[in-house]
Amino acid sequence: MLKIKLQRRGRKNVPIYRIIVQEARTSVRGRFIDDLGFFDPKKEKISIDPEKASEWIKKGAKPTETARYVLFKSGVIKEPPPRKSTKPKNKNE
């Protein structure tokens, strides 16, 4: 199964993420199949090749939760990612 993941680059306290297509079981630091672009959270800059990304999604690559958010912000995915519940769980139930 293929996944669209974020691979951390940059140096200490200056993260830059590459958006890559990779086998799901492979370590993020390992080999990847294709490079789709990059994401700079400090400058809030996203650069993604939309044709490549949509082609990989059509081929069956599933984005991780964070990658889905980045793809949504760049306009590749039209629907927003599902939000996690931030309510604390009740231990009595």
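Only the coordinates and a few stated rules stand behind these numbers; no lab work does. Just so you know, these numbers come straight off a predicted model, no measurement behind them. Virtual Cβ from ideal backbone geometry, glycine too; neighbours counted across all protein chains shown.
Going by what's in this entry, would Ile57 be described as surrounded by 15 or more Cβ atoms within 10 Å (Cβ to Cβ), free of Cβ contacts under 8 Å to residues at least 60 places away in the same chain, in a helix (DSSP H, G or I) and of a type in the set (A, V, I, L, M)?
Considered against the rule, which asks whether it is surrounded by 15 or more Cβ atoms within 10 Å (Cβ to Cβ), free of Cβ contacts under 8 Å to residues at least 60 places away in the same chain, in a helix (DSSP H, G or I) and of a type in the set (A, V, I, L, M), Ile57 comes out as yes.
Quick check on the stretch 1-22: of everything there that is surrounded by 14 or more Cβ atoms within 10 Å (Cβ to Cβ) and charged (D, E, K, R), which residue is farthest from Arg68 (Cα to Cα)?
Step by step, filter the stretch 1-22, then rank; the result is Arg18.
Read through the list (1) surrounded by 11 or more Cβ atoms within 10 Å (Cβ to Cβ); (2) more than 14 Å from the chain's Cα centre (by Cα); (3) in a loop (DSSP other than H, G, I, E, B), then give the number of the only condition that Pro81 fails.
The one condition Pro81 does not meet is (2).
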